[in-house]
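Take a look at the structure below.
The values are calculated or read from the model by the stated rules, or taken from the named source; none is laboratory data. Being a predicted model, the structure only gives us computed values, none of them experimental. Quick reminder, even Gly has a Cβ in these numbers, built from the backbone with ideal geometry, and neighbours come from all protein chains shown. To get the accessible areas, we keep the full protein, side chains included, count just its heavy atoms, and leave off ligands, DNA and RNA. Shrake-Rupley method; radii C 1.70, N 1.55, O 1.52, S 1.80 Å.
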Amino acid sequence: MIRRILLTAALLLGIATATEAAVPSNYYARMDGKKKEALKNAACEVIRPHTVVTYNSLFPQQFPKTDVYPELYDGNRRWWEMYSDIVFLVRDGWRGMNREHSLPKSWWGGEQNDAYTDLNHLYPSESDANMAKSNYPLGEVQTPNFDNGVSKVGYAYSGQGGGASQVFEPADEYKGDFARTYFYMATCYQDFTWKYTYMLQNGTYPTLKPWAYEMLLDWARKDPVSQKEIDRNEAVYLIQGNRNPYIDFPELAEYIWGTRTTETFYIKEQGGSVTPPITGKPELFAPIDGSSLDFGEVAVGKSQDVELLVNGVNMRSSLSVRVTGTDRKMFTLPTLQGNQIPASQINSEGGYKLTVRYSPTATGEHTAAITLYDGGFPDGTTFNVSIHGQAFPVPELTAPVATPATDITDNQYLANWNMPPEGEVADYWIVNRTRYVPGNTVTTRLVAETNCLEIDGREPGVAESYTVQSVRLGFESPESNMIMVNSTGLSGVREALPLGVAYVEGGIRIVLGSPDADNAEWRHTNLRVYDLSGRTVATMAAVYGGEIITLAPGAYIVTTDQNRAPQTVMVR
């Protein structure tokens, strides 16, 4: 068994109480009395507004609150990651681990949006398992290609996978965790346009495909809500101000996709009432008194904004806000007028997003607090949120060293590069993918969590290249050397304007047309010459056959807008 917590009979009896006790009395009121599609829409309205944390704060500040075993391992705190059985100690940071989007970010094609850093589907993951998982859908593996004893990746049973080449299967002990995570994502972000539709379909209902929700429902039934999920749900709520209703109400998925879709959902029937009659007294759902707001790591001279959700009901007057504490000058509220939030905005469905800005002027850890008061609450009532940031010097970044692509097929390949030198840290990498399509050169920027990235959508007959940049605290390194991925499937292809490059003493001669003759009527545009480090050494807006370009001895790559495959040449 992989779980390290043994739930005693007493603890099991306390699960429902623990869940209910932390839920604000009116938090789920919109869902009461709804069924099926209307219930899912109401759940989306409840959970979609939340404080959006920063990417750089996940491992340093957020995961220690959400994903650490409650008991010590040989006297040390240990990361609770659901992808392997490897022991990772918190004191060692996140070496060998990644920030894993359990629902792959490539599925919606977005990065800097609410879903990108939503802790309800972000987990720490052992890096090899994360790499093997790739962006495959969940499923049950019939023939594994990867199996570390916890995670499996391989070919799915018939009827599963949604057309993907492989699927990812978590351990039985975590299948319910992943199912409830996917229920949350398919509800909270039901309005997304999905780029990959292995498990999801566009539209607010049912959003999950039938094969997917049937499998996930089966997983959720066989692996009920655990204390781990309950504790994590509370921790995420303290950070983001929203909850996973499929953990709070284990039967909710049945009302939306399963065996109870013809029934009306009443909160009072879900293991005890958590929604007493509205009394008219003001109530603040978010932020929670005593919670914290973390900015993660920021470079001196840079600013980082975080939007803190302020949401509640029955506010009768504006809520006043002030920043206090030792380092309060490092934190500001740049968009707040008169230090007050109108009651109408707090009472609205989406609440009010309070922008908090961290602008460190010195290195080190900085702390302050946000205090909220008034709003119709009794005199002396305050809600306090601690705020933290850690400032570092502006990083000095060297260009990564890109290495040749591997696992090359007609439609994909694996881009590779070396890890940074010792003492240099990268938060993530940007891969600059360039495709040399006829008449155009198309470059896209892709984000990678580790020092390789699977690139798909490759076309036979179209050459590609890539360079890499590391990113630390928002600063980008110089580009790496350029790696060429040669075109395939070119037999029988004839270019309208073929490019040839011939060596001449001291440089190269451009050949357009056949190797035996140059045609001055033919012209190529945007000629670029690169050395093997990827550095541009010569450019010409237009070039005709027979022109000579002087170059120092060395190996070069030549491209133009009109030629499909870059040409290589050696100058001696």
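General remarks:
- Close Cβ contacts (under 8 Å, 6 or more residues apart or on different chains) running from residues in segment 179-190 that are touching a residue at least 60 places away in the same chain (Cβ under 8 Å) to residues that are in a loop (DSSP other than H, G, I, E, B) and of a type in the set (Gly, Ala, Ser) comprise THR181/SER102; TYR182/SER102; GLN190/GLY203.
- Members of segment 199-212 found to be of a type in the set (Phe, Trp, Tyr) and either in a loop (DSSP other than H, G, I, E, B) or crowded, with 22+ Cβ neighbours inside 10 Å (or both), listed by number: TYR205
- Within segment 225-267, the set of residues being in a helix (DSSP H, G or I), of a type in the set (Gly, Ala, Ser) and closer than 24 Å to SER291 by Cβ comprises ALA235 only.
- Selection from segment 35-89 of residues that are at pLDDT below 95, over 18 Å from the mean Cα position of the chain (by Cα) and of a type in the set (A, V, I, L, M, F, W, C): LEU72
- Residue check for ALA502: among the aliphatic types (A, V, I, L, M), at pLDDT below 85 and either assigned to a loop (DSSP other than H, G, I, E, B) or surrounded by 15 or more Cβ atoms within 10 Å (Cβ to Cβ) (or both): no
- One residue from MET131, MET97 being surrounded by fewer than 21 Cβ atoms within 10 Å (Cβ to Cβ), of a type in the set (A, V, I, L, M, F, W, C) and within 23 Å of ALA426 (Cβ to Cβ): MET131
- Considering only residues in segment 514-556 that are of a type in the set (Val, Ile, Thr) and either modelled with pLDDT under 85 or open to solvent by 20 Å² or more (accessible area, probe 1.4 Å) (or both), the one that is farthest from VAL437 (Cα to Cα) turns out to be THR550.
- Search result, residues across segment 108-147 that are polar (S, T, N, Q) and either over 17 Å from the mean Cα position of the chain (by Cα) or under 25 Å from LEU217 (Cα atoms) (or both): ASN120, SER125, ASN130, SER134, ASN135, GLN142, THR143, ASN145
- Within segment 456-481, the set of residues being over 20 Å from the mean Cα position of the chain (by Cα), open to solvent by 40 Å² or more (accessible area, probe 1.4 Å) and under 17 Å from VAL431 (Cβ atoms) comprises GLY457, PRO478, GLU479.
- Verdict on LEU217 being in contact with a helix residue (DSSP H, G or I) (Cβ under 8 Å, 6 or more places away or on another chain), surrounded by fewer than 23 Cβ atoms within 10 Å (Cβ to Cβ), modelled with pLDDT under 95 and part of a helix (DSSP H, G or I): no
- Residue check, TYR255 modelled with pLDDT of 95 or more and closer than 25 Å to TYR123 by Cβ: no
- Only a single item in (1) open to solvent by 20 Å² or more (accessible area, probe 1.4 Å); (2) closer than 22 Å to VAL236 by Cβ; (3) in contact (Cβ under 8 Å) with a residue 40 or more places away in the chain; (4) touching an Asp or Glu at 6+ places or on another chain (Cβ under 9 Å) is not met by PHE88, and it is number (3).
- Yes/no for SER348 being out of contact with any Phe, Trp or Tyr (no Cβ under 7 Å at 6 or more places or on another chain) and closer than 26 Å to PHE249 by Cα: yes
- From ASP177, ASP118, ASP191, ASP172, residue being of a type in the set (Asp, Glu), at pLDDT 95 or above and over 24 Å from LYS228 (Cα atoms): ASP191
- Options MET315, MET330: the member that is at pLDDT 95 or above and open to solvent by less than 40 Å² (accessible area, probe 1.4 Å): MET330
- Boolean, ASN440 is more than 24 Å from TRP94 (Cα to Cα) and modelled with pLDDT of 95 or more: no
- Subset of segment 385-427 (residues that are more than 30 Å from ASP561 (Cα to Cα) and surrounded by fewer than 16 Cβ atoms within 10 Å (Cβ to Cβ)): SER386, PRO393, VAL394, GLU396, THR398, ASN418, MET419, PRO421, GLU422, GLY423, GLU424, VAL425
- Flag if LYS281 is out of contact with any His (no Cβ under 7 Å at 6 or more places or on another chain), buried (at least 16 other Cβ atoms within 10 Å of the Cβ) and outside any strand (DSSP E or B): no
- Looking only at residues of segment 350-363 that are in contact with an Asp or Glu (Cβ under 9 Å, 6 or more places away or on another chain) and open to solvent by less than 40 Å² (accessible area, probe 1.4 Å), we find that the one that is modelled with the lowest pLDDT is GLY350.
- Considering only residues in segment 365-384 that are open to solvent by less than 30 Å² (accessible area, probe 1.4 Å) and either assigned to a strand (DSSP E or B) or acidic (Asp, Glu) (or both), the one that is farthest from ARG328 (Cα to Cα) turns out to be LEU372.
- Residues located in segment 306-341, provided they are closer than 17 Å to PHE383 by Cβ and part of a loop (DSSP other than H, G, I, E, B): ASN314, MET315, ARG316, SER317, SER318, GLY325, LEU333, LEU336, ASN339
- The condition of being farther than 30 Å from ALA220 by Cβ, open to solvent by less than 60 Å² (accessible area, probe 1.4 Å) and either of a type in the set (S, T, N, Q) or in contact with a Cys (Cβ under 8 Å, 6 or more places away or on another chain) (or both) holds for only one of SER344, SER320, SER303, SER291, that being SER320.
- In a residue-by-residue description of segment 379-401, the property of being under 25 Å from the mean Cα position of the chain (by Cα), more than 30 Å from VAL425 (Cα to Cα) and among the small types (Gly, Ala, Ser) applies to no position.
- Enumeration of residues in segment 136-175 that are surrounded by fewer than 19 Cβ atoms within 10 Å (Cβ to Cβ) and of a type in the set (Asp, Glu): GLU140, ASP147, ASP172, GLU173
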